[in-house]
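Below: the structure, in structure tokens.
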Amino acid sequence: MSFKVIMNSIKVICLFITLKLCFCHCHISPQERNITMTKILPKTMKAVGLYKYLPISDVNSLIDLEVSLPNIKSNEVLVEVKATAVNPIDTKIRAPKSNIETFPRILGWDGAGIVVAKGNNTKKFKVGDEVFFTGDLSKNGSNAEYVALDEILVGPKPKILSFEQAAAMPLTSVTAYESLYDRLLLSEKDRGKSLLIINSGGGVGSVASQLASHLKLKVIGTASRPETVEFSQKNGVQIVLNHTKDLIPQLEANGFEKGVDYILVNYDPYPYWDVLMKAIKPQGKICLIVDSSGLVDLRPLKDKSVTLVSEMMGTRIKYDTEDKSRHQEILSTVSKMFEDGILKSTLTKTLSPINAATLREAHKLIEEKHMIGKLVLTGF
């Protein structure tokens, strides 16, 4: 065979390969061209969701689903979920109402996993990174094998924590951190001042007490059961008051006759309102993270020049604020605090597998209000 024939054959082969590649590229969607993937991903995934908002006792309140993998935008990552936490917000959103969803609503805004695909405009993470994350309440969440997340909602998973331990922490950590640092404006300058945490045995309270202890504040908590008292003390609360009894005499008996400098309210403030007005010092600050079940009298705030603030973890995301990158900054900060031993996971219960029956059990536990610490589901 002549050299010329060989060269012509090579050109034909190269042309065929080029045409083949062009043909294949034309059949790749813009979505696929805009992402980097770690592996060939499935077309569908297991998930748990709902169409109707029903009591948790109803077997249809949460159902097993097979749904399409979520598409990701250029600023999003796709995370393979290894563990997902259940929070009071999940039960509140799922609570009975007349709405009927056309497409399934998937709950879960707190979890940990591995980045398996990323949009081209993402900068913080690469495929294969282990992460923990909060969620966007307006979108489907992490009660699924995969979840699409704006990169701003994602932080590096603390290396010293398991996926289950890490999944328990993003939502409560961001809420507690924002409450203390961004709303009450606490810092090292407040060393020695007093912070009263209503419901210190809860998810946010247990992280807030750790953060306040790190700031060297005098941390006072409220709990009533022996196990919640012990849990509060384990997480840095120095004085535990019984919230089934009048808190004012208890504060006075512990040397706080003039009140406390700050109060973080992790419970319905309505039944506590008069106590809060008496317990706060003049020019003190109160932060609420739970809606009031009734109308309250704001007039006592003026007499003492008290600052009343509120905390909602998703505010920056929901309203696309100029400082929304603060959310990811906090996740990165608390991740390092876990690795440095300043914070520890408050995971107390793990259920498996992630399916409708187990999630119904988890929602029931949350609604009964007997949970201490955080509840996580793992494994499909």
note = Of the residues in the range 114-130, those that are open to solvent by 90 Å² or more (accessible area, probe 1.4 Å) and closer than 10 Å to Val154 by Cβ come to Lys124
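Of the residues Gly255, Gly259, which is within 23 Å of Lys216 (Cβ to Cβ) and open to solvent by 40 Å² or more (accessible area, probe 1.4 Å)? Even if it seems obvious, please write down each step before you answer.
Working: Gly259 fails: open to solvent by 40 Å² or more (accessible area, probe 1.4 Å).
Every option except Gly255 fails the conditions.
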query = In this structure, does Ile152 turn out to be within 30 Å of Ser61 (Cα to Cα) and among the aliphatic types (A, V, I, L, M)?
reply = no
task = Tell me, please, whether a residue that is in a helix (DSSP H, G or I) and at pLDDT 95 or above can be found in the range 104-117.
result = no
request  = Starting from the range 174-189, take each residue that is open to solvent by 10 Å² or more (accessible area, probe 1.4 Å) and list its partners that are not hydrophobic (A, V, I, L, M, F, W, C), counting only C-beta distances under 6 angstrom and pairs at least six apart or across chains.
outcome  = Arg183/Glu311
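Take the residues in the range 310-325 that are surrounded by fewer than 18 Cβ atoms within 10 Å (Cβ to Cβ) and among the charged types (D, E, K, R), then tell me which one is nearest to Gly135 (Cα to Cα).
Kept after step one, since they are surrounded by fewer than 18 Cβ atoms within 10 Å (Cβ to Cβ), are these residues of the range 310-325: 310, 312, 315, 318-325.
Now narrow it down to the ones that are among the charged types (D, E, K, R): 318, 320, 322-324.
Details: Lys318: 11, Asp320: 14, Glu322: 19, Asp323: 17, Lys324: 14 Å.
Among them, the one singled out is Lys318.
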task = Could you pull out every one of the strands (runs of 3 or more DSSP E) wholly within the range 240-310 that has 3 or more residues that are under 26 Å from Ser213 (Cβ atoms) and not aliphatic (A, V, I, L, M)?
result = 280-288
request  = Under 7 Å between Cβ atoms, at least 6 apart or on separate chains: pull out the pairs that start in the range 48-71 with a residue that is in contact (Cβ under 8 Å) with a residue 12 or more places away in the chain and farther than 18 Å from Thr102 by Cβ and end on any residue that is among the hydroxyl-bearing types (Ser, Thr, Tyr) and open to solvent by less than 40 Å² (accessible area, probe 1.4 Å).
outcome  = Pro55/Ser61; Leu69/Tyr146
ask   = For the range 341-380, what are the residues that are in contact with a Ser or Thr (Cβ under 9 Å, 6 or more places away or on another chain), of a type in the set (Gly, Ala, Ser) and open to solvent by 20 Å² or more (accessible area, probe 1.4 Å)?
value = Ser345, Ser352, Gly379
query = Are any residues in the range 116-166 more than 13 Å from the chain's Cα centre (by Cα), under 22 Å from Gly314 (Cα atoms) and among the aliphatic types (A, V, I, L, M), and if so, which ones?
reply = Ala144, Val147, Ala148
inquiry  = Here is a list: Val59, Val79, Val67. Which entry is closer than 23 Å to Phe163 by Cα and either more than 22 Å from the chain's Cα centre (by Cα) or at pLDDT 95 or above (or both)?
reply    = Val79
ask   = Failed condition for Ile289, given (1) open to solvent by 40 Å² or more (accessible area, probe 1.4 Å); (2) more than 27 Å from the chain's Cα centre (by Cα); (3) of a type in the set (Val, Ile, Thr), with all others met?
value = (2)
query = Would it be correct to say that Gly236 is over 25 Å from the mean Cα position of the chain (by Cα) and either assigned to a loop (DSSP other than H, G, I, E, B) or not hydrophobic (A, V, I, L, M, F, W, C) (or both)?
reply = no
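The values are calculated or read from the model by the stated rules, or taken from the named source; none is laboratory data. A quick note: this is a predicted structure, and the numbers were derived from the prediction, not measured. When we count neighbours, we look across all protein chains shown, and the Cβ atoms used for this are built from the backbone with ideal geometry, even at glycine. SASA here: full protein model, heavy atoms, side chains in, ligands and nucleic acids out. Shrake-Rupley method; radii C 1.70, N 1.55, O 1.52, S 1.80 Å.
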